[in-house]
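Readers should treat all values here as calculations from the given coordinates under stated rules, not as data from a laboratory. None of the values given here were measured: they were computed from a predicted structure. We place every Cβ from the backbone using ideal geometry, glycine too, and count neighbours over all the protein chains shown.
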Ligand SMILES: Cc1cc2nc3c(=O)[nH]c(=O)nc-3n(C[C@H](O)[C@H](O)[C@H](O)COP(=O)(O)OP(=O)(O)OC[C@H]3O[C@@H](n4cnc5c(N)ncnc54)[C@H](O)[C@@H]3O)c2cc1C
């Protein structure tokens, strides 16, 4: 998404269309990262580009999901760091050094005002960038009228040589726990809160549930995390998820595993969440974070010959083609991997393919992902589960961060670096970093995975002393010895 952040890159003039050839007409439906990045790429390839968006540019990523949540988490991160203050010799003025520094309190109204403002500013920046580049931005709800035309509710009609559908997804709601926007909330409704919930019940312990549970706990709320599974973050690296669960409980969060929520209702002064086994969890507010459903209804897909999966996602191949010629799809509406970075990549690939540029098909093994808990969990390449299930001969090594000198200086105890390498060749196959700012630390491993570096090549590279990244080279050195 940085491509559209002003100040980082000045808008390049769109190239001239080659003489004698009319520009290709590209119509994009949806202005999130899947759509707006593609619109810019298409424009730079000389296409005539129209983008139809109904909510605001930047899409859910900018307005309700990535940008707001990570801005809120930025405040939570400061609160977490402040918790280590007394250990590092910092005291509150007038109190003895060993008094826990508890002088900080969050003004949630102010935090959320900043969140909303920042998101709106980024959305406005994206609009400016698109318009400067010559993309025709149309406000409204679009749908296909056959594979070669997009029409809007307002009656506009755009003929297209290429259509890109990037309509995203919306929070899944449970009929037995209907959000009211006040006490029972989806993640898009959290930013209207002006006061910290006294007791927040988070239903769902996937990435979104875990991120918000951790953030609100750090902001000072009493948090109950209701998980239907054995542990938080099912599907993630088991050791990493265990660290997060341990940190959550050590910070006073109540984690209820194997507890399926059956419904939630408002009470006189809060909410009551009923579990499938009949237990009731009371709280002041409830966040429902049980996944998302693709925005594919009413898009005219069947009539245009665009095939959907059983779960109503748009079926695409590795170059983002749908089953209808000339119609491409990108992002959360495809269900490929719900990340902004993947949506943007799918959109770029679609345009490169459609407009005759060099195309590199989507390769999910190269995706680096991050969970913004404290500590963060960053992953790249193959997971341990995948390697085991596919009987790959691999070696693995893990180093806990508490042995890292820089971590000791910073008062960091929780976290580790884990690397997987091929047992015979030593090529790095994947890695997991659990650490503060793991999302930044994963990059050397991303380079290693994407460029098929060996553990020796990683081990032989200099790292700063002392540094957290020193642990990455150290793990690689351990793996050198373990290779078969
Ligand atoms: C709480 C949360 C936090 C997240 N954090 C991260 C993160 O840190 N990093 C990360 O990589 N990913 C994150 N994600 C995932 C990320 O938000 C999505 O993967 C990303 O938004 C997908 O982009 P998209 O373009 O497919 O869809 P969206 O961003 O949802 O955009 C789709 C747009 O299409 C518009 N639209 C839909 N239908 C129509 C129509 N018929 N006509 C016109 N417009 C239409 C919508 O209004 C919307 O603006 C997070 C998700 C959530 C829920």
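If packing is taken as the average number of other Cβ atoms within 10 Å across a peptide's residues, how do 373-381, 66-74, 162-170, 176-184 rank, most packed first? Before the final figure, lay out the partial values.
Values: 373-381: 25.2, 66-74: 20.2, 162-170: 26.9, 176-184: 15.6.
Packing proxy ranking, top to bottom: 162-170, 373-381, 66-74, 176-184.
Oblate is the label for the range 239-303. Its Cα gyration tensor axes, ordered a ≥ b ≥ c, give a/c of at least 1.5 and b/c at or above a/b.
In the chain, the longest principal axis of the Cα atoms and the axis of helix 108-132 are about 30 degrees apart. Taking the C-alpha atoms only, the angle from helix 33-44 to the longest principal axis of the chain is near 50 degrees. To test your reading of the geometry: what angle, between 0 and 90 degrees and rounded to tens, separates the Cα axis of helix 66-82 from the longest principal axis of the chain? Around 20 degrees separate the two axes. Contact order for the chain, expressed relative to its length and based on alpha carbon pairs under 8 Å spaced 6+ residues apart, stands at 14 percent. In whole Å, what is the distance between the alpha-carbon centres of the range 195-234 and the range 462-480? Rounded to whole Å, the Cα centres lie 33 Å apart. Working note: 222 nm ellipticity from helices only, DSSP H runs with n ≥ 4, each -39,500 (n - 2.57), summed and divided by the residues of the chain, gives -9000 deg cm²/dmol to the nearest 500.
If you take every DSSP beta bridge whose two residues both sit in the chain, what share of them, in percent to the nearest 5, is antiparallel? In the chain, approximately 60 percent of DSSP beta bridges are antiparallel ones.
Let me know the shape class of the chain, please: from the alpha-carbon gyration tensor, a ≥ b ≥ c as square roots of the eigenvalues, rounded when a/c is under 1.5, otherwise prolate if a/b is greater than b/c, or oblate. Oblate, since a/c reaches 1.5 and b/c is not below a/b. Sorted fewest first by neighbouring Cβ atoms within 10 angstrom, 208, 128 come out as 128, 208. Note on the range 152-218: Kirkwood radius taken over Cα pairs, Stokes-Einstein applied at 25 °C and 0.890 mPa s, translational D equal to 162 µm² s⁻¹. The distance from the alpha carbon centre of the range 126-180 to that of the range 299-378 is 16 Å, rounded to a whole number. Gain on full extension, evaluated as 0.36 nm per residue between residue 477 and residue 195 minus their Cα-Cα distance, stands at 96.6 nm.
In terms of the mean number of neighbouring beta-carbon atoms within 10 Å, the peptides 112-119, 329-336 order highest first as 329-336, 112-119.
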